[in-house]
Amino acid sequence: MKTMLRSLLLVALFASAINLPAAMKALIVDGQNNHDWKGTTPHLKKYLEETGLFEVDVATTPAGKGDIASFKPEFKKYKLVVSNYNGQDWPKETQAAFEEFVRNGGGFVSVHAANNSFPNWPAYNQMIGLGGWGGRSEKSGPYVYWEAKAAKVIKDIAPGRGGSHGPQHEFAVETRDSSHPIMAGLPTKWMHAKDELYDRLRGPAENLTVLATAFAPKEKSGTDRHEPMLMTTTFGKGRVFHTALGHAGGGKREAQQCVGFIATFQRGSEWAVTGKVTQKIPADFPTAEKVILRQ
C-alpha cells in the first residue's frame with residue numbers, strides 16, 4: 001500500500017512539473033555606464049529570477065573604447081531585454097537587430113541611466129519615450145511633466161537642455177495611472193530611497209503613458225514640476241517599461257535596494273513581456289512616510 005501511494009505521489013509531482021510554465025528568457029545588457037553596472041547587474045538579475053518568471057543571461061560590451069563592433073547579442077533568443085547600459089553606440093547591425101526584436105513583440109526595460117544612451121538613434125528614443133543628456137535638446141522632442149492642477153500630462157516644446165538632476169535625496173513617488181497593470185494595487189504615494197531625481201527629460205514621447213511622478217523642488221535644484229519616474233511606451237508590437245529610478249555609485253545602491261524600485265522593476269518586466277502582471281504587492285512595500293530597503 002505504501003509503495004502504491006509513493007508511486008501515485010511521484011506521478012502527481014511529475015504531472016505538476018510538466019504543467020509548470022517555463023521561465024521566460026531575459027537578457028541584461030551592461031558593460032559601460034556612468035553608474036555602477038558591475039555592482040547593480042547581479043542584483044537586477046536576482047530581482048528578475050526571484051519572481052520565478054525569468055531565466056536570466058548577461059551580455060557585457062567591451063569596456064571603455066574597446067571594440068564595440070564585436071558586440072552582437074542574439075536578442076531573438078529572449079523574451080525580455082533589460083538595459084543597464086550607457087556608453088558607446090552599438091554597431092548598426094546590433095541596433096537593427098534590437099529594433100527588430102522590440103518591433104516584433106520583444107519586451108524591453110530601460111533602467112535609470114539607460115535613458116541617457118544613444119541620443120542620435122531615433123528608434124531607441126522612440127522606445128524609451130524620454131531621455132536625458134547626450135546633447136538632447138528641443139530637437140529631441142518636448143519636455144514631459146505632470147500638471148497637478150489640471151491632473152494631466154503636459155508636453156512642452158520650450159527650448160532647453162534635456163536631462164538634469166539635483167543632489168540625491170529621498171522623495172515621494174506618486175501614482176498617476178492606478179489602472180495600469182504595473183501600478184494596480186500600489187499605494188497612491190510612497191517614499192523612495194535616496195536617488196537622483198531626473199528632471200527635464202525630453203524625447204519623442206510617442207505612445208507614452210506616465211505611470212508615476214516625483215516632485216522636483218527648486219531648493220533641490222529641480223524644476224518645481226512633477227517629473228516622470230515610471231513610464232511605458234509601445235514600439236511596433238513591443239512593450240517598453242522605463243524606470244528613471246535606480247542610481248548607484250560610490251559603493252552605494254540604496255536606490256535599487258528600495259522595495260519600491262524592486263517591485264516596480266519586477267512588475268514592469270513581467271508586463272513588458274506579457275502585457276499583464278500576476279505578482280502580488282510585497283508586504284514590505286514602502287509607505288507614504290517610510291522608505292523600506294532590502295539587503
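Within region 227-262, being in a loop (DSSP other than H, G, I, E, B) and of a type in the set (Lys, Arg) holds for 237, 253. If you filter region 224-282 down to residues that are touching a strand residue (DSSP E or B) at 6+ places or on another chain (Cβ under 7 Å), among the small types (Gly, Ala, Ser) and surrounded by 17 or more Cβ atoms within 10 Å (Cβ to Cβ), you find that the one that is nearest to residue 53 (Cα to Cα) is 269. Residues in region 248-273 that are basic (Lys, Arg), at pLDDT below 95 and out of contact with any Ser or Thr (no Cβ under 8 Å at 6 or more places or on another chain): 252 only. Restricting 200, 225, 239, 267 to those that are of a type in the set (D, E, K, R) and under 18 Å from residue 294 (Cα atoms) reduces the list to 267. Of the set (1) surrounded by 21 or more Cβ atoms within 10 Å (Cβ to Cβ); (2) over 21 Å from residue 209 (Cβ atoms); (3) small (Gly, Ala, Ser); (4) at pLDDT 95 or above, all apply to residue 288 but (1). In region 143-166, the qualifying residues are those that are more than 19 Å from the chain's Cα centre (by Cα) and over 21 Å from residue 209 (Cα atoms), and the one that is surrounded by the most Cβ atoms within 10 Å (Cβ to Cβ) is 166.
Scanning region 167-209 for residues that are assigned to a strand (DSSP E or B), buried (at least 23 other Cβ atoms within 10 Å of the Cβ) and in contact with a helix residue (DSSP H, G or I) (Cβ under 7 Å, 6 or more places away or on another chain) gives 173, 190, 192, 193, 195, 202. Scoring residue 267 on the criteria (1) within 25 Å of residue 102 (Cα to Cα); (2) more than 15 Å from the chain's Cα centre (by Cα); (3) not hydroxyl-bearing (Ser, Thr, Tyr) leaves a single failure, condition (2). For region 1-46, filtered to residues that are modelled with pLDDT of 65 or more and aliphatic (A, V, I, L, M), the residue that is surrounded by the fewest Cβ atoms within 10 Å (Cβ to Cβ) is 22.
A single member of 188, 213 is under 21 Å from residue 127 (Cβ atoms), in contact with a strand residue (DSSP E or B) (Cβ under 8 Å, 6 or more places away or on another chain) and either modelled with pLDDT of 95 or more or of a type in the set (Ser, Thr, Tyr) (or both), and it is 213. Applying the condition of being in a helix (DSSP H, G or I), in contact (Cβ under 8 Å) with a residue 12 or more places away in the chain and out of contact with any Lys or Arg (no Cβ under 7 Å at 6 or more places or on another chain) to region 47-93 and asking which residue is surrounded by the most Cβ atoms within 10 Å (Cβ to Cβ) yields 48.
The values are calculated or read from the model by the stated rules, or taken from the named source; none is laboratory data. Being a predicted model, the structure only gives us computed values, none of them experimental. In this analysis, Cβ positions are derived from the backbone assuming ideal geometry, glycine residues included, and neighbour counts consider all displayed protein chains.
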